[in-house]
Structures are given as structure tokens and as C-alpha cells.
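S.K.: For reference, the structure I am asking about is given below.
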Amino acid sequence: DKPLFVRVSSTEWVEGGWTIDDTVELSKALLAAGVDLIDCSSAGNNAHQKIPLSPGYQVQFAERVKQDVPGMLSGAVGLISNASLASKVVEDGSADALFIGREFLRNPSFVLSTAHGLGINIKWNNQYERGRLKTKYSFV
């Protein structure tokens with residue numbers, strides 16, 4: 001028994017196109033079919049789209065699915081590129097999970113730098129341990 005995730009384009013960002021209301025209805029049907037989590041992305045499927053890019057701009061879709069579809073977990077994406085935003089989205093309950101893609105392309109050590117930025121002590125993999133900055137959060 002494994003969790004089933006479905007990624008959707010939550011809106012097309014065009015007049016008369018797919019909207020978050022459509023996504024909510026689809027999410028209800030997917031929950032009934034056994035889907036555990038909706039990964040709420042958007043756009044990329046219409047040449048006329050006008051996307052209002054800003055940090056966390058797609059989090060609103062995960063939050064809406066979570067609020068309007070009881071029992072469905074939601075995942076957020078969309079320019080989540082720093083520790084404070086990532087932490088806020090999860091802590092305030094806007095989403096149950098984060099899916100971070102482009103930031104990992106820019107910064108493969110995103111998890112390590114995010115933990116450091118939040119003051120969280122995590123174990124580094126053995127190959128990287130000697131390169132870790134020694135701070136009050138260090139193991140040694």
C-alpha cells in the first residue's frame with residue numbers, strides 16, 4: 001500500500017480556461033478514487049496565459065484544495081526558494097507537502113542551507129561533513 005499523488009495544473013491563468021474551482025471538483029473525484037495527495041501546480045498549457053509570478057504564487061491552490069476537499073492532502077509548488085517561505089507554508093497549514101524543483105537545480109544543497117537558515121541541526125551526509133560550517137548548531 002503506497003500513497004498515490006496526482007499533479008494537476010490548478011489554473012490555466014486565462015479567461016474561460018481551467019480554474020481552481022475546476023481543480024477542487026476534480027480533487028473531490030480523485031479522493032473518491034483513492035488519490036491521497038494533489039500536487040498543485042499551474043499553467044504551462046496555454047500560450048495566452050498571464051502568470052503573476054512571485055514567491056509562493058501557487059501555494060494558494062494547495063491551500064484551497066486542502067480547505068475545500070476534506071481528507072485530501074495537498075502539495076505546494078511555485079518559487080519556494082528560501083527557508084522562511086518553505087517553513088511558513090508548512091507551519092501555517094497552507095499545504096501538507098512542498099515540491100521544490102528549480103531551487104534544487106540552482107542549489108543542490110537546498111535542504112542543508114534551509115536547515116541552517118532555520119537554525120535546525122541536521123546530520124550531513126558523510127561525504128559533505130568536513131565542508132559544513134561549524135556553528136552553535138554543529139554536532140561537533
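The values are calculated or read from the model by the stated rules, or taken from the named source; none is laboratory data. All values derive from a computational prediction rather than experimental measurement. We place every Cβ from the backbone using ideal geometry, glycine too, and count neighbours over all the protein chains shown. The protein model used for the area step is the full one, side chains on, heavy atoms only, and it has no ligands, DNA or RNA in it. Shrake-Rupley method; radii C 1.70, N 1.55, O 1.52, S 1.80 Å.
S.K.: Within region 116-129, track down each residue that is part of a loop (DSSP other than H, G, I, E, B) and either at pLDDT 85 or above or aliphatic (A, V, I, L, M) (or both).
M.R.: I120, I122
S.K.: For the structure I just gave you, tell me whether I20 is closer than 13 Å to G71 by Cα, touching a Phe, Trp or Tyr at 6+ places or on another chain (Cβ under 8 Å) and modelled with pLDDT of 95 or more. Spell out how you get there, then give the answer.
M.R.: On the way: closer than 13 Å to G71 by Cα: no; touching a Phe, Trp or Tyr at 6+ places or on another chain (Cβ under 8 Å): yes; modelled with pLDDT of 95 or more: yes.
Considered against the rule, which asks whether it is closer than 13 Å to G71 by Cα, touching a Phe, Trp or Tyr at 6+ places or on another chain (Cβ under 8 Å) and modelled with pLDDT of 95 or more, I20 comes out as no.
Residue-wise test of (1) within 14 Å of S74 (Cα to Cα); (2) in contact with a Ser or Thr (Cβ under 8 Å, 6 or more places away or on another chain); (3) β-branched (V, I, T); (4) at pLDDT 95 or above.
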| position | (1), (2), (3), (4) |
| --- | --- |
| K28 | yes, no, no, yes |
| A32 | no, no, no, yes |
| L37 | yes, yes, no, yes |
| A47 | no, no, no, no |
| P55 | no, yes, no, no |
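S.K.: Which numbered condition in (1) acidic (D, E); (2) modelled with pLDDT of 95 or more; (3) farther than 30 Å from V111 by Cα is the only one that E63 fails?
M.R.: That leaves (3) as the condition not met.
S.K.: Let me ask something else about it. Could you grab me the full set of residues in region 1-35 that are outside any loop (DSSP other than H, G, I, E, B), among the charged types (D, E, K, R) and under 19 Å from the mean Cα position of the chain (by Cα)?
M.R.: R7
S.K.: Quick one: which helices (runs of 4 or more DSSP H) lie wholly within region 36-115 and hold at least 2 residues that are open to solvent by 30 Å² or more (accessible area, probe 1.4 Å) and more than 19 Å from R7 (Cα to Cα)?
M.R.: The helices (runs of 4 or more DSSP H) meeting that bar are 83-91, 102-106.
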